[in-house]
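A.B. asks: Sharing a structure with you now.
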Amino acid sequence: MAAIATLAHVTYTYPGASKPALDDVSLAIGPAEVILLLGGSGSGKSTLLRAINGLVPHFHGGTFAGRVTVDEFDTRTARPAELAARVGLVFQDPESQAVMTTVEREIAFGLENRGIASSAIARLVEEALISLGLSGLRRAPLSTLSGGELQKVALAAVIATQPHLLLLDEPTSQLDPVSSEELLAAVRRLSEDTGATIVLAEHRVERCLHLATRVLFMEGGAIVVDADPQAFARWALAGHRELLPPVARLFARRLNGGAKAAAEAGRLPLTVKDARGMLDDVAGQLESFASPAPAREGDVVLEVRKLAVGYAPGEAVLEHIDLRLRRGERIALMGENGAGKSTLVRHFNGLARPLAGEVRLLGRPLKELSVAQAARDCALLGQNPNDYFIKDTVAEEVDYSLVQMGFAGRQRNELCSRTIVDLDLMDLLMRNPRDLSGGERTRVALAAVTCGDPALVILDEPTRGMDPLHKAELAALLRRWAANGRCVLVVTHDVEFAARVAGRVLVVGDGSLLADGPAHEVLNGSLFFSTQINRLLRHSLPGVLTEDEVTWGTSLQ
Amino acid sequence: MTLVAEQPAAAAGRVRATGAAARAARATRRYGLARTRPVASLAYVIALALAGFVITDPLQLVALLAVLFAALGLAGKLRASLPYLRVALYVGGFLAILNPLFSQGGLDVLWQAHLPLLQIRVTIQGVAFGVSTALRLSAVLIAFALYNLVLDPDDQLGIMSRFSFRSGLVVSLATRLVPVLSRDAERIADAQRSRGVELDRGRRRDRAAARIPLLSALLTQSLERAMDTAASMEARGYGRGGRTRWQPERRWRFADGATAAAAGLAVAALIGGLVAGAFHYRFYPLLDDPWAPLADPWWLLALAALATPLFVEARWRR
């Protein structure tokens, strides 16, 4: 069958860049394919998507060589606006892609641009609203929607135009597990019901590998793997295991590793359903060595009593919160988009003042301190690393924070050196933070808030848009910090990351703290807020969350 | 484990059910003028602003302000209008104080001073004129606030696009940009506070100086956001040509028709009264009787017309 889109030897360099973002990429995309596009930050995934819909080179400029065709259109001559009827692109950040201010108008925008008759627009808008469960929000201003709802609106706006080819650039990076499942279910429905071709760039492989009919892996602007999911899984076994879903990693450990074993490996499970079928024969050989939850015995860093948080009296988002966070603890704070997680942690360093109750930081009432004074003891990293960058180099950023926190002389130098080593910034010191990749920016912003050696480190959604390798590095760093006596609190939607990092999990929702306990108990048995491994083994090995906590019987090793 | 209320999975499901429904209801609920069809609301706001320009009698202006506040209140926008009211208060107060000091007209002298280069002569007439000017300015500003708060930017775009879609889109994007910029600025300031930067200490000048370095971050993010929005527009076919225009179907209610008719009547009464001299209140050399204009038929007609939408919408409020 003829390809819907083809790329022939495409090489592209952004204006002012020294290296190409796409390097001799050739690809044919067939009808009804669901292609999962994987690769680290800066590997060229977004650029590839933008090349397919013509934004590269028309919108971004730069140097373009090779040829991209979509249906009969050559993107060198056809502008993105002309391709819009065939190619729909959902961007990573739902907020900046919105043009109008209410849901139904936003969905209608693309249809109006295509010159569709007003009566047809009404029907198409209605269908798009229904297909994504947005009917109740049709007249809602976009400014009142959560990130998940906004991303659904963005998808609805593209679906409404009925493109042949749908490109999705990390659409779930800002969503909670439930919203992510809903969004991906809508994508799957679209693929099954309409036969639309979908190219999905994602980092969270466990969520979408099973949806794919084909997997591309990019590195340095080139496609290094182009295979079906099983062939990709076998390739990943030989040195890129972090790219595999946890259940696949679990079964991969039955092999002794190496390319030969990988080549000889049979079918690997990609979903819990797959794995359950394969587990029947070997379940008895699995043993858990999950360690019991550590006793909470470190000094109290933060104490919260009867806290009520919100934006106006009588409109509390969360109430009756009582918490004690201790040194050495690794805590994950979870809950639905809009449940009040970020609002809650803003009260832990004084950025927001409570409606009621009290917060004490290292024994001192927080209301007696300014945020800047609290910064030495409580580091809070917000969701957007760019908010921290006001200097021209990474070195200046770190030094500026230390000066602002009141450090001077030898202590300042020591803290600066320690931070640079701790966060592996040596090679980046003279770079402009804004020129760095997403993962590097997070590290620099983290350095800017933690350089004063605070007792409490809070990170709000640090893994948004982060590739698996950087996620693993961040998890290791947070574990190290906690082992050294810091208290680490991570606000996250990423259950797999939470399971890897946290010993204790808090769940907020419905205006209160719903659960507070060891990760092995809180994340055990949940439908969405639980890991793949837990969903697989919850009956045979309850409480197990990650594949690292399970071992196969020695006879099989 | 402390399960504070229930198992997280069940809790998460419940949260979604209650949270999403409540948010949807909250987001789409509209009151008063905000429920009225955009064309009717726009006509009404224009009539109110015209009244602010035309009327000069202080007591009539007080009545007009009462109508404006009632309209804001019925739309549930009183709190949101506080920034506009603050501007009206500052600018109006400035005018009310300054005018009597520099206006030399009027016969009833309250206080005078002879300075080397300046003779100050404060009269009752000067004070009354200053107050009247402040009230007029406030009325126009509050009418503008009503326009901004009640008329959805997409509705504004819908109205403007009948004449020029591009201009309407620029206005719509700019309207969207203001709250986004404000949120960005707030977030950047919070990020800087979280790394130890004192932004809230010292005098106003010091606090402003501490925020200057933040502008670069704000500007960069705004540019990046603008680029993303532009890319999104192009990817969604903007600029392809042959664009159509879609208006969501909204049933014409009695209140819509009544508001539009009342606005038309008010404009007619205001223009008629202006031509007939009904709104010409004399401040100098002696004040006219401020109560007399309240009984003028043109004024009564205009007031009745301007007040009608309030009663109609209040009746229709559920």
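The values are calculated or read from the model by the stated rules, or taken from the named source; none is laboratory data. The model shown is predicted, which means the values in this text are computed figures rather than measured ones. No Cβ is skipped: glycine too gets one built from the backbone with ideal geometry, and neighbour counts run over all protein chains shown. These accessible areas exclude ligands, DNA and RNA; they are computed on the full protein's heavy atoms, side chains included. Shrake-Rupley method; radii C 1.70, N 1.55, O 1.52, S 1.80 Å.
A.B. asks: Would you kindly find the accessible area of B:His114, with a 1.4 Å probe and non-protein molecules such as ligands, DNA and RNA excluded, rounding to the nearest 10 Å²?
C.D. replies: 140 Å²
A.B. asks: Which angle from 0 to 90°, rounded to the nearest 10, does the C-alpha axis of helix B:254-276 make with the longest principal axis of chain B?
C.D. replies: 30 degrees
A.B. asks: Further, regarding this structure: Counting only C-alpha contacts under 8 Å and six or more residues apart, can you give the relative contact order of the range A:441-557 as a whole percent? Display every interim value, and only then the final one.
C.D. replies: Details: 127 pairs, mean separation 19.9, N = 117.
Normalised by residue count, the contact order of the range A:441-557 is 17 percent.
A.B. asks: In Å, what Kirkwood hydrodynamic radius results for the range A:393-482 from the alpha-carbon pair distances? Write out the running numbers ahead of the final one.
C.D. replies: Details: mean 1/r = 0.0745 Å⁻¹.
One over the average 1/r among Cα pairs gives 13.4 Å for the range A:393-482.
A.B. asks: What accessible area per residue comes out for the range B:164-234, rounded to a whole number of Å², with a 1.4 Å probe? Don't skip to the answer; put the middle values down first.
C.D. replies: Details: 3730 Å² over 71 residues.
Result: 52 Å² per residue.
A.B. asks: Next question. Which log10 I(q)/I(0) values, to two decimals, does the range B:145-184 give at q = 0.35 Å⁻¹ under the Debye formula with one point per Cα?
C.D. replies: Scattering profile of the range B:145-184, log10 relative to I(0): -1.08.
A.B. asks: How large, in percent, is the carbon and sulfur part of the accessible surface of chain A at a probe radius of 1.4 Å? Don't skip to the end; give the middle numbers.
C.D. replies: Numbers: 9890 of 20270 Å².
Carbon and sulfur together cover 49 percent of it.
A.B. asks: Two decimals, Cα atoms only, Kirkwood Rh: what is Rg/Rh over the range A:129-199? Could you put the intermediate results ahead of the total?
C.D. replies: Values: Rg = 11.7 Å, Rh = 12.5 Å.
Computed over Cα atoms, the ratio is 0.94.
A.B. asks: With both bridge residues required to lie in chain A, what share of the DSSP beta bridges run antiparallel, to the nearest 5%? Don't skip to the end; give the middle numbers.
C.D. replies: On the way: 43 of 78 bridges.
So the antiparallel bridges in chain A amount to around 55 percent.
A.B. asks: How would you order A:92-102, A:128-138 from highest to lowest mean count of nearby Cβ atoms within 10 Å? Working shown, then result.
C.D. replies: Numbers: A:92-102: 22.9, A:128-138: 19.1.
In decreasing order of mean packing, A:92-102, A:128-138 become A:92-102, A:128-138.
A.B. asks: Could you sort B:Lys77, A:Lys45, A:Lys19 by accessible area so the largest value comes first, with the probe set to 1.4 Å? Present the calculation step by step, with values, prior to reporting the outcome.
C.D. replies: Numbers: B:Lys77 55, A:Lys45 10, A:Lys19 150 Å².
Greatest to least solvent exposure: A:Lys19, B:Lys77, A:Lys45.
A.B. asks: Can you give the Rg to Rh ratio of the range B:57-157, both from alpha-carbon atoms, with Rh computed by the Kirkwood formula?
C.D. replies: Details: Rg = 17.3 Å, Rh = 15.2 Å.
Radius of gyration relative to Kirkwood radius: 1.14.
A.B. asks: Further question on the same structure: Can you pull the Kirkwood radius for the range B:164-234, inverse mean 1/r over Cα pairs, to one decimal in Å? Provide the component values of the computation, followed by the final result.
C.D. replies: Values: mean 1/r = 0.0721 Å⁻¹.
Value: 13.9 Å, from the Cα pair sum.
A.B. asks: Sticking with this one: On average, how many beta carbons from a partner chain sit within 10 Å of the beta carbon of a residue in B:89-95?
C.D. replies: So the per-residue partner count for this stretch is 0.
A.B. asks: Turning to a different aspect of this structure: Taking the C-alpha atoms of the range B:219-273, how large are the radius of gyration and the largest Cα-Cα span, Dmax, in Å?
C.D. replies: 21.0, 53
A.B. asks: Over chain A, with the other protein chains present, what is the accessible area per residue in square angstrom, probe 1.4 angstrom? Show your work: numbers first, answer last.
C.D. replies: Values: 20270 Å² over 557 residues.
Per-residue accessible area for chain A comes out at 36 Å².
A.B. asks: Here is a follow-up. Determine the equivalent ellipsoid of the range A:178-255 by diagonalising the alpha-carbon gyration tensor, then write out the semi-axes as square roots of 5 times the eigenvalues, largest first, rounded to whole Å. Write out the running numbers ahead of the final one.
C.D. replies: Details: eigenvalues 107, 50, 25 Å².
Value: 23, 16, 11 Å, ordered largest first.
A.B. asks: Right, next: With a 1.4 Å probe and every protein chain kept in, tell me what percent of the accessible surface of chain B is carbon plus sulfur.
C.D. replies: Working: 10840 of 16020 Å².
Answer for chain B: carbon and sulfur cover 68 percent of the accessible area.
A.B. asks: For the range B:176-318, what mean projected area does the convex hull of the alpha carbons give, in nm²? Could the numbers behind the result be given before it?
C.D. replies: On the way: hull surface 74.6 nm².
Hull-based average projected area comes out at 18.6 nm².
A.B. asks: Based on the Cα coordinates of the protein assembly as shown, what is the per residue volume of their convex hull in Å³?
C.D. replies: Working: hull volume 176.7 nm³, N = 875.
Taking the convex hull of the Cα positions in the protein assembly as shown, it is 202 Å³ per residue.
A.B. asks: Using only Cα atoms, what is the ratio of the radius of gyration of the range A:9-111 to 2.2 N^0.38 Å?
C.D. replies: Details: Rg = 14.6 Å, N = 103, 2.2 N^0.38 = 12.8 Å.
Here the Cα radius of gyration is 1.14 times the empirical estimate.
A.B. asks: Further question: State to the nearest 20 debye the size of the charge dipole of the range B:164-234 about its Cα centre, where the only charges are +1 on K and R beta carbons and -1 on D and E beta carbons.
C.D. replies: Details: 13 positive and 9 negative charges, 81 e Å.
Value, rounded to 20: 380 debye.
A.B. asks: Can you compute the FRET efficiency between A:Glu126 and A:Val403 using 1/(1 + (r/R0)^6), with r the Cβ-Cβ distance and R0 = 51 Å? Round to the nearest 0.05.
C.D. replies: Details: r = 57 Å, r/R0 = 1.12.
Efficiency for this residue pair is about 0.35.
A.B. asks: Accessible area, 1.4 Å probe, largest first: how do A:His520, A:His539, A:His164 sort?
C.D. replies: Per-residue accessible area, sorted high to low, gives A:His539, A:His164, A:His520.
A.B. asks: Can you give me the distance in nm between label points at A:Ala476 and B:Tyr284, each placed 7 Å from the Cα along the Cα-to-Cβ direction?
C.D. replies: Between A:Ala476 and B:Tyr284, the label points sit 8.2 nm apart.
A.B. asks: Next up: Mind putting a number on the dipole of the protein assembly as shown about its Cα centre? Charges go on the C-beta only, +1 for Lys and Arg and -1 for Asp and Glu, and I need it in Debye to the nearest 20.
C.D. replies: Numbers: 96 positive and 89 negative charges, 323 e Å.
Approximately 1560 debye in magnitude.
A.B. asks: Compute the projected area of the convex hull of the Cα atoms of the range A:57-214, averaged over all viewing directions, and report it in nm² to one decimal place.
C.D. replies: Over every viewing direction, the Cα hull of the range A:57-214 projects on average to 10.0 nm².
A.B. asks: Considering every residue in B:180-192, what mean count of other chain Cβ atoms within 10 Å of its Cβ is obtained? Numbers along the way, then the final one.
C.D. replies: Working: counts 4, 0, 0, 2, 3, 0, 0, 5, 7, 3, 8, 15, 10.
Taking all residues of B:180-192 together, the mean is 4.
A.B. asks: Using a Förster radius of 45 Å, what is the FRET efficiency between B:Ser164 and A:Ala8 based on their Cβ-Cβ separation? Nearest 0.05, please.
C.D. replies: Values: r = 42 Å, r/R0 = 0.93.
According to the calculation, E is roughly 0.60.
A.B. asks: While we're here: Under the rule of at least 5 residues apart or a separate chain, name every residue whose amide H is placed under 5 Å from the amide H of A:Glu219.
C.D. replies: A:Val224
A.B. asks: Here is a follow-up. Any of A:Lys19/A:Lys152; A:Lys306/A:Lys391; A:Lys306/B:Lys77; A:Lys341/A:Lys367; A:Lys367/A:Lys391 with alpha carbons more than 28 Å apart? Name them for me. Let's see the in-between values first.
C.D. replies: Details: A:Lys19/A:Lys152 34 Å; A:Lys306/A:Lys391 40 Å; A:Lys306/B:Lys77 32 Å; A:Lys341/A:Lys367 20 Å; A:Lys367/A:Lys391 30 Å.
Over 28 Å apart, Cα to Cα: A:Lys19/A:Lys152; A:Lys306/A:Lys391; A:Lys306/B:Lys77; A:Lys367/A:Lys391.
A.B. asks: Please work out whether the range A:441-542 counts as rounded, prolate or oblate from its C-alpha gyration tensor, where a ≥ b ≥ c are the square roots of the eigenvalues and a/c under 1.5 means rounded, while otherwise a/b larger than b/c means prolate and anything else oblate?
C.D. replies: Working: a/c = 1.92, a/b = 1.62, b/c = 1.18.
Taking the square roots of the gyration eigenvalues as a ≥ b ≥ c, the range A:441-542 is prolate.
A.B. asks: Can you pull the three principal axis extents for the Cα set of the range A:506-557, in Å, largest first?
C.D. replies: Extents along the principal axes: 50, 17, 14 Å.
A.B. asks: Oh, and also: Where does the range B:269-318 land on the Kirkwood hydrodynamic radius, alpha-carbon pairs, in angstrom? If you can, show how the numbers build up before the last one.
C.D. replies: Details: mean 1/r = 0.0801 Å⁻¹.
The answer is 12.5 Å.
A.B. asks: Calculate the translational D of chain B in whole µm² s⁻¹ from Stokes-Einstein, where the hydrodynamic radius comes from the Kirkwood formula applied to all Cα pairs, the temperature is 37 °C and the viscosity 0.692 mPa s. Mind showing how you got there, number by number?
C.D. replies: Working: Rh = 23.8 Å.
Translational diffusion coefficient: 138 µm²/s.
A.B. asks: What is the distance in Å between the Cα centroid of the range A:21-68 and that of the range B:283-297?
C.D. replies: The range A:21-68 and the range B:283-297 have Cα centres separated by 74 Å.
A.B. asks: Amide H neighbours of A:Leu514 under 5 Å, counting only residues 5+ apart in sequence or on other chains, H built in-plane at 1.01 Å?
C.D. replies: Hits under the 5 Å cutoff: A:Val507, A:Val508, A:Gly509.
A.B. asks: Let me ask something additional. Just the accessible area for A:Trp235, please: 1.4 Å probe, Å², rounded to the nearest 10?
C.D. replies: 80 Å²
A.B. asks: Now a separate question. Which of the peptides A:453-462, B:271-280 is most tightly packed, and how do the rest follow, going by the mean number of other Cβ atoms within 10 Å of each residue?
C.D. replies: Numbers: A:453-462: 22.9, B:271-280: 15.5.
Those peptides, ordered most packed to least, come out A:453-462, B:271-280.
A.B. asks: Any chance you could give the angle, 0 to 90 degrees and rounded to 10, that helix B:165-194 forms with the longest Cα principal axis of chain B?
C.D. replies: Once rounded, the angle reads 70 degrees.
A.B. asks: Give the average, rounded to an integer, of partner chain Cβ atoms located within 10 angstrom of each Cβ in A:46-56. Write down the numbers at each step before the final one.
C.D. replies: On the way: counts 0, 0, 0, 1, 2, 0, 0, 3, 2, 5, 0.
Partner Cβ neighbours, averaged per residue: 1.
A.B. asks: Of the listed peptides B:300-307, A:152-159, what is their order by residue-averaged count of other C-beta atoms within 10 Å, with the highest listed first? Each step should come with its number before you reach the end.
C.D. replies: Numbers: B:300-307: 20.1, A:152-159: 26.8.
Going by the mean number of other Cβ atoms within 10 Å, highest first, we get A:152-159, B:300-307.
A.B. asks: In whole Å, what is the distance between the alpha-carbon centres of the range A:439-465 and the range A:494-557?
C.D. replies: Computed from Cα coordinates, the inter-centre distance equals 24 Å.
A.B. asks: With unit charges on the beta carbons (Lys and Arg positive, Asp and Glu negative) and the dipole taken about the Cα centre of the protein assembly as shown, which residue among B:Asn99, A:His60, B:Leu89 sits farthest to the positive side?
C.D. replies: Farthest along the dipole direction, towards plus: B:Asn99.
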